[in-house]
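All remarks here apply to the structure that follows.
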Amino acid sequence: MNIWWLAIDRDYTSYEELKYRKVVAQGWPKLGDLSLLLPLVTNNYKNEFLGTVNALNKLAYGEEGHASKVMWSLFSMKKGDLVVGIEGTTVRGICQVNLDANESYQLQSPNEFNYAQTISSGVKWVDWNESIFGTPPTAPAKSVQGVAGLNKEYNRVLEAWERCTI
């Protein structure tokens with residue numbers, strides 16, 4: 001099982017929106033439907049995936065940016081992985097991925113949502129309540145760009161999740 005940071009940029013969405021929509025999501029709606037790229041992730045063709053998403057990002061947004069690495073991480077999530085949602089460096093909540101990304105990916109209403117690239121529709125986000133989970137993990141000082149592995153406090157987050165009764 002992996003544990004991931006999920007950065008939520010308040011300029012584009014909110015933790016509350018993702019919680020309401022019951023998804024794990026990231027932005028870049030203009031990239032369009034990326035479902036044809038899922039086999040590249042499944043078969044670990046990382047360079048091909050990154051190159052393709054970089055090209056799409058340049059066409060859609062006029063720059064390469066970091067969308068390719070974020071989408072690679074999002075699409076690498078597996079059933080059972082935990083996701084800690086943060087706004088800036090503030091931990092807001094946690095959820096467990098209910099399906100592998102390659103089984104659950106959807107581009108949801110790109111004209112309506114900035115965070116349109118979604119996986120695991122139907123997840124239950126749980127607010128980080130210190131009385132249940134304890135002190136939240138310390139987010140990186142500069143937050144994270146999109147999605148990143150949560151490594152330093154892995155065991156503590158796992159133990160906190162196991163105390164949670166949903």
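The values are calculated or read from the model by the stated rules, or taken from the named source; none is laboratory data. These numbers were taken from a predicted model, which means no experiment stands behind them. Virtual Cβ from ideal backbone geometry, glycine too; neighbours counted across all protein chains shown. Only protein heavy atoms, including side chains, enter the accessible area calculation; ligands, DNA and RNA are left aside. Shrake-Rupley method; radii C 1.70, N 1.55, O 1.52, S 1.80 Å.
Residue 121 passes every criterion in (1) open to solvent by 30 Å² or more (accessible area, probe 1.4 Å); (2) out of contact with any helix residue (DSSP H, G or I) (no Cβ under 7 Å at 6 or more places or on another chain); (3) under 15 Å from residue 19 (Cβ atoms) apart from (2).
Considering region 152-166, and only residues there that are part of a loop (DSSP other than H, G, I, E, B) and in contact (Cβ under 8 Å) with a residue 12 or more places away in the chain, the residue that is least open to solvent (accessible area, probe 1.4 Å) turns out to be 164. How many residues does region 65-77 hold that are under 20 Å from residue 36 (Cβ atoms), assigned to a loop (DSSP other than H, G, I, E, B) and open to solvent by 50 Å² or more (accessible area, probe 1.4 Å)? Residues meeting the conditions: 0.
Considering only residues that are under 15 Å from the mean Cα position of the chain (by Cα) and either among the β-branched types (Val, Ile, Thr) or open to solvent by 90 Å² or more (accessible area, probe 1.4 Å) (or both), which ones fall in region 127-148? The answer is 144, 145, 147. Here 131, 109, 143, 104 are screened, and the one residue that is hydroxyl-bearing (Ser, Thr, Tyr) and closer than 15 Å to residue 8 by Cα is 143.
When you look at residue 35, is it of a type in the set (Gly, Ala, Ser) and open to solvent by 20 Å² or more (accessible area, probe 1.4 Å), yes or no? Answer is yes for this residue. Taking the condition of being buried (at least 19 other Cβ atoms within 10 Å of the Cβ) and among the charged types (D, E, K, R), how many residues in region 88-105 meet it? Count: 2. When region 134-159 is examined, which residues are found to be over 21 Å from residue 68 (Cβ atoms) and in contact with an Asp or Glu (Cβ under 9 Å, 6 or more places away or on another chain)? Correct list: 134, 136, 137, 138. Within 19 Å of residue 162 (Cα to Cα) and of a type in the set (Asp, Glu), is that true of residue 81? So residue 81 fits the description; yes. Within region 84-109, the set of residues being in a loop (DSSP other than H, G, I, E, B) and touching a residue at least 12 places away in the same chain (Cβ under 8 Å) comprises 88, 89, 97, 98, 99, 100, 105, 108. Among residues that are surrounded by fewer than 17 Cβ atoms within 10 Å (Cβ to Cβ), touching a Gly at 6+ places or on another chain (Cβ under 8 Å) and within 28 Å of residue 20 (Cα to Cα), residue 116 is not included.
Can you spot a residue in region 40-63 that is among the polar types (S, T, N, Q) and within 30 Å of residue 136 (Cβ to Cβ)? There is no residue in region 40-63 that is among the polar types (S, T, N, Q) and within 30 Å of residue 136 (Cβ to Cβ). Counting the residues of region 1-28 that are open to solvent by less than 50 Å² (accessible area, probe 1.4 Å), touching an Asp or Glu at 6+ places or on another chain (Cβ under 9 Å) and in a helix (DSSP H, G or I) gives 1.
Among the residues of region 88-111, those identified as more than 19 Å from residue 38 (Cα to Cα) and among the hydrophobic types (A, V, I, L, M, F, W, C) are 91, 94, 95.
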